[in-house]
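Okay, so here's the structure we're looking at.
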Amino acid sequence: MRVLARDVAQEFGCRFGRQPTVSRAPGRVNLIGEHTDYNDGFVMPAALEFATLVAAAPRPDRRIQVYSIIMGESRAFDLDAPAETGDWSDYLFGVAVMLERSGRRLSGADLVVSTDVPLGSGLSSSAALEVSSAHALLTASGLPFEPIAVAKICQKAENDYVGMRCGIMDQYVSACGVAGAALLIDCRTLESRNVPIASNLRLLVANSGVRHQHAGGEYNARREACEEGVRLLKPALGPIKALRDVTPQALEANRKLLPHLIYRRCRHIVTENARVLEAERALIAGDFAACGVAMNASHASMRDDFEITCPEVDFLAELAQATPGVFGSRMTGGGFGGCTVSLVEASAVKQVSQILIDGYRVGCGRDAEVFDCSPSDGAGLIPL
């Protein structure tokens, strides 16, 4: 990461002729709790070593200029006359707009952006860009970085500026991650607690290479189905605000109120919330097998009830689940492609990785990237 930081700072110096600060915000992997965040539920993500870096220095005017090393493109933006671009820079400029609307007056800034978060993989490259940009813009403006407040602002930028109705999880863990631990986040109260990942465990992330695109389509449709479920259940269950307020028992008792598709969407959410809490209990107790059972059940629910997996991701999860040394495996991220995450005995990582790579090539005719990961800290400055 320090090598990448030097590269970003060097590129900044060549383009803008002065010394920047370098802000970092990580991508994330979600151990369990998919699509529960926008239902006021529970999630258990971990920040990763993969991160987006933003080199920044203030300007004397109200203009933001940004160059992306990955995209090989420059964009410019006037804080006093904001306009959408319809491309990657909307994530960054949307954050600037929402920071200003929150009462944080920004100075102009020159920025250089780079990342090693695999794009479109379900490891939340968008949140990493949003949170690192917020950190960089606030730092350039001499303003404090308040992690939870910034996470909410970045979520609003993605919801209202980009048009992706995501929950708070990705931005929260990118801002607030803790090395060596996952975070159990209550997405209603925005309180969290650390869930240590034992030193003999690793998080093995396998990238299917199938890129998801869900900003305006299937992801939003799943959210609408959950909201419809709440509307239809209210007459029987009273003033519920979200599926967080529905137990599996209450859902089963009132399933006749719901069309079958809406019932299945709701069943995923209410059972997933229970699985998150079971996985937390199991990890704290050192019962890694029980955590794996919850992860495997989560994948089946995403596949069958929420219908957000794809054949390639199903293949990787099922292959991992059948491999010695793996406690559990599931799709991670918004769905329709992306990655799996497996909870793996540290001593088995090399063997499991090779089985996934070889098996995926034979079974699906594709190459999988496999990453051996451990939880990292959230957003901050990188010393140069």
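Readers should treat all values here as calculations from the given coordinates under stated rules, not as data from a laboratory. Treat the numbers as computed from the prediction; the structure is a model and nothing was measured. Cβ atoms come from the backbone with ideal geometry, glycine included; neighbour counts cover every protein chain shown.
Measure out, as a whole number of angstrom, how far apart the alpha-carbon centroids of the range 58-123 and the range 229-307 sit.
37
Taking Cα pairs under 8 Å and at least six residues apart, what relative contact order does the range 229-304 come out at, in percent?
Working: 53 pairs, mean separation 19.1, N = 76.
Reported relative contact order: 25 percent.
Between Ser68, Leu79, Val117, whose Cα lies farthest towards the positive end of the dipole of the range 53-124 when Lys and Arg beta carbons carry +1 and Asp and Glu beta carbons carry -1, centred on the Cα centre?
Going by the Cα projections, it comes out as Leu79.
Placing +1 at every Lys and Arg Cβ and -1 at every Asp and Glu Cβ, with all other atoms neutral, what dipole size does the range 210-269 have around its Cα centre, in debye to the nearest 20? Write out the running numbers ahead of the final one.
Numbers: 12 positive and 6 negative charges, 15 e Å.
So the magnitude is around 80 debye.
Peptides 339-347, 316-324: what's the order by average Cβ count within 10 Å, highest mean first? Don't skip to the answer; put the middle values down first.
On the way: 339-347: 23.4, 316-324: 20.6.
Put in order of decreasing packing, that is 339-347, 316-324.
I need the shape label for the range 1-89. Rule: rounded when a/c is under 1.5, else prolate if a/b > b/c, else oblate, with a, b, c from the alpha carbon gyration tensor. Before the final figure, lay out the partial values.
On the way: a/c = 2.69, a/b = 1.54, b/c = 1.75.
Oblate shape, in that a/c is at least 1.5 and b/c is the bigger or equal ratio.
At a threshold of 8 angstrom on Cα-Cα distance, excluding pairs fewer than six apart, so keeping six or more, what relative contact order does the range 260-341 reach in percent?
Values: 98 pairs, mean separation 21.6, N = 82.
Reported relative contact order: 26 percent.
Take each of the peptides 193-199, 255-261, average the number of other beta-carbon atoms within 10 Å over its residues, and list them starting from the highest.
Working: 193-199: 14.6, 255-261: 12.9.
Listed from highest to lowest mean packing, they are 193-199, 255-261.
Take every Cα pair under 8 Å in the chain that's 6+ residues apart, average their separations, divide by the length, and report that relative contact order as a whole percent.
Computed over the chain, the figure is 24 percent.
Report, in debye and to the nearest 20, how large the dipole of the range 129-266 comes out about its Cα centre when Lys and Arg carry +1 and Asp and Glu carry -1 on their Cβ. Walk me through the numbers on the way to the answer.
Details: 17 positive and 13 negative charges, 99 e Å.
Its charge dipole is roughly 480 debye.
With only Lys, Arg, Asp and Glu charged, each at its Cβ (+1 for the first two, -1 for the last two), find how big the charge dipole of the range 52-196 is about the Cα centre; round to the nearest 20 debye. Intermediate values should be presented prior to the final figure.
Values: 12 positive and 17 negative charges, 71 e Å.
With Lys and Arg at +1 and Asp and Glu at -1, about 340 debye.
May I ask you to order 166-177, 274-285, 16-27 by the average number of other C-beta atoms within 10 Å around their residues, highest value first?
Details: 166-177: 27.8, 274-285: 19.2, 16-27: 22.6.
Going by the mean number of other Cβ atoms within 10 Å, highest first, we get 166-177, 16-27, 274-285.
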